[in-house]
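> Before anything else, here's the structure in question.
The values are calculated or read from the model by the stated rules, or taken from the named source; none is laboratory data. Since the structure is predicted, the reported quantities are computational estimates derived from the model, not experimental observations. For neighbour counting, all protein chains shown are included, and Cβ atoms are generated from backbone atoms with ideal geometry for every residue, glycine included. Protein only, heavy atoms only, side chains kept; ligands, DNA and RNA dropped before computing areas. Shrake-Rupley method; radii C 1.70, N 1.55, O 1.52, S 1.80 Å.
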Amino acid sequence: MQAPCISPLPPRYRLAFFAAASLLFAPLVGATEAKRNDLSAEDTTRVEDVTRPTNDFSRPEQYEAMPGGATTSRNPIDADAFSHASANLGFSEEENFRLGKALFEKLWVSSPSSTQASDGLGPLFNARSCHSCHLKNGRGHPPENDAGSSSSMILRLARPARSEEERHALAELKVVSFPDDTYGGQLQDMAVPGLAAEGRETVTYTEERDTLAGGETIMLRKPQYSVADLGYGPLGTDTTLSARIANPIIGMGLIEAIADADILAMADPEDRNGDGISGRAARARDHRTGELQLGRFGWKAQNASVRDQSSSAFVGDLGISTPDAPSHWGDWTSAQAPCREMPNGIQTRLGNTEAPDPVLELVTFYSENLAVPTRRDVGSPDVLRGKALFYRIGCTACHTPKYVTRRDAANKAQAFQLIWPYSDFLLHDMGEGLADGQQVGDATDREWRTPPLWGIGLTDDVNGHTFFLHDGRARNLTEAILWHGGEAERARNAFASAAPEARRHLIRFLESL
């Protein structure tokens, strides 16, 4: 086992697990494990020991500076901090990583084109490459000053179920949401030559004042979204708009290597222990087999694997078909007939989709093996004080510090690693302030997956901004905390009522992650 990192399973989680597993995952026979089946008795004891929550904040924990275990990048901290391969990859795997990187950064073009291995873009799309949204593999941002297109933020379009049949389809996860009848599942603000784009996202903000202990005043900005220059008629009257910025993609293979049982053990959907935290496990259907799996990727945990997350982005953001999502015209509807008339980019000698394997496989491998950077200042007194407050006010109830990945992980580089993502990967009710009006799979409009916090302190270094939350409304970490409501409101209020110096220490701790 390499460098440690998870939080053990406190008694409250163990008690809640069996209820959660039986209620939520009864349909997933064989798809998830009630307890880990990859560990010997000796391993189990070791894992429980290294993942036990600390109560000593006088010094860093062992291996705490290595959040990705042996995969952790030790390269210098700069704008490329999220662009390095897992440190323990073998030679042949490093070659696959480089090939995946080239495909991730490749600019796709419209069909027909002389660059036949690169055509098939759109015809409606949000970006020309994966890298356009995940610049430097980091965090996206909202449009600045209502400046129009922002490829690192998209608008999801969804409407509520209109019939009992549709409600049943949602409950059974035959669909994760119902798209707008005309514009599909997300607004495409770009199009190939000769075709109109769907429209242009616009955002305006109103500000709300929040006064913290010590007299500090914070202005929180609340976004309102609309669409201008619609190219195919009006949106549906019951269509809702939900903005989503691109997530950082470091450590994704490690997240996939966390045992289902360790995530399920944190779930307490009925809040049986009465602590106000009732995280729920999300289900997701594997794109190839259709089997129900544990959702752990995406803002609403709507995807179970890195490959599924990647194929969704190919078809939704780029309009590129893959073996897992063979829609050659991307996210289009029958109301957009001109789209269907545009040529696609299939080259039959290469395969029957625009991005046949090994394209999807290599991009997935690249995304799975982007290393988490080494932490900074783990022994700083201010960082340790902030860590103590983070634990004391209950942030770790959702932002679970550490796990040990499965011994039998598909990639040996990610197997049996102590990692520190600071997330339980469950759905939590975050309150009305962050509700977006959309159900996605098992997630209600008020529920969001707990995002991992590793690398969050390097957002400015990598991406040149500090916009946080699903829509980038928070302009810094303090604002992001103050937007927490619902299950997180108690911790949010404790932060707001803490002394100014204590709040600064907590922010310093987050900046060290």
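> Of all residues in segment 345-356 being touching a Pro at 6+ places or on another chain (Cβ under 9 Å) and open to solvent by 50 Å² or more (accessible area, probe 1.4 Å), which is nearest to GLU105 (Cα to Cα)?
Per the stated criteria, the residue is LEU350.
> Go through segment 451-495 and give me each residue that's closer than 23 Å to ALA65 by Cα and aromatic (Phe, Trp, Tyr).
TRP454
> Working only within segment 415-428, note down all residues that are surrounded by 24 or more Cβ atoms within 10 Å (Cβ to Cβ) and in contact with a helix residue (DSSP H, G or I) (Cβ under 6 Å, 6 or more places away or on another chain).
Result: GLN417, LEU418, ILE419, PHE425.
> Just give me the residues in segment 463-486 being over 18 Å from the mean Cα position of the chain (by Cα) and of a type in the set (Ser, Thr, Tyr), in sequence order.
Correct list: THR478 only.
Per-residue answers, yes or no, for (1) more than 30 Å from LEU292 (Cβ to Cβ); (2) among the hydroxyl-bearing types (Ser, Thr, Tyr); (3) under 16 Å from the mean Cα position of the chain (by Cα):
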| position | (1), (2), (3) |
| --- | --- |
| GLY433 | yes, no, no |
| GLY441 | no, no, yes |
| ASP461 | yes, no, no |
| ALA488 | no, no, no |
| ALA491 | yes, no, no |
| ALA494 | yes, no, no |
| ALA499 | yes, no, no |
| ARG503 | yes, no, no |
| ARG508 | yes, no, no |
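> Please work out which one of (1) surrounded by fewer than 19 Cβ atoms within 10 Å (Cβ to Cβ); (2) out of contact with any Ser or Thr (no Cβ under 8 Å at 6 or more places or on another chain); (3) of a type outside the set (Val, Ile, Thr) is the condition TRP454 fails and give its number.
So TRP454 meets the others, but not (1).
> Quick one: would you say THR54 is in a helix (DSSP H, G or I), at pLDDT 95 or above and of a type in the set (S, T, N, Q)?
So THR54 fails the test.
> Across segment 162-195, which residue is nearest to SER242 (Cα to Cα) among those that are touching an Asp or Glu at 6+ places or on another chain (Cβ under 8 Å) and not in a loop (DSSP other than H, G, I, E, B)?
GLN186
> A follow-up question, please. If a residue has to be open to solvent by 30 Å² or more (accessible area, probe 1.4 Å), hydrophobic (A, V, I, L, M, F, W, C) and under 18 Å from the mean Cα position of the chain (by Cα) to count, how many in segment 357-414 make the cut?
Looking only at that region, the number is 1.
> For segment 345-355, state whether one or more residues are in a loop (DSSP other than H, G, I, E, B), within 25 Å of GLU48 (Cβ to Cβ), touching a Gly at 6+ places or on another chain (Cβ under 8 Å) and in contact (Cβ under 8 Å) with a residue 60 or more places away in the chain.
No, there is no match, as no residue in segment 345-355 is in a loop (DSSP other than H, G, I, E, B), within 25 Å of GLU48 (Cβ to Cβ), touching a Gly at 6+ places or on another chain (Cβ under 8 Å) and in contact (Cβ under 8 Å) with a residue 60 or more places away in the chain.
> I need every pair where a residue in segment 113-130 that is under 15 Å from CYS339 (Cβ atoms) has its Cβ under 6 Å from the Cβ of a residue that is among the polar types (S, T, N, Q) and surrounded by 24 or more Cβ atoms within 10 Å (Cβ to Cβ), sequence separation at least 6 or different chains.
Short answer, once both residue conditions are applied: LEU124/GLN188; PHE125/GLN188; ASN126/GLN188.
> Check whether at least one residue in segment 338-348 is under 25 Å from SER152 (Cα atoms) and under 24 Å from the mean Cα position of the chain (by Cα), and report yes or no.
Scanning segment 338-348, I find no residue that is under 25 Å from SER152 (Cα atoms) and under 24 Å from the mean Cα position of the chain (by Cα), so the answer is no.
> Return the residues of segment 196-230 that are in a loop (DSSP other than H, G, I, E, B) and buried (at least 19 other Cβ atoms within 10 Å of the Cβ); say none if nothing qualifies.
Matches in segment 196-230: ALA197, GLU198, GLY199.
> Any chance segment 123-141 includes a residue that's in a helix (DSSP H, G or I), surrounded by 24 or more Cβ atoms within 10 Å (Cβ to Cβ) and of a type outside the set (A, V, I, L, M, F, W, C)?
Yes, segment 123-141 has at least one match.
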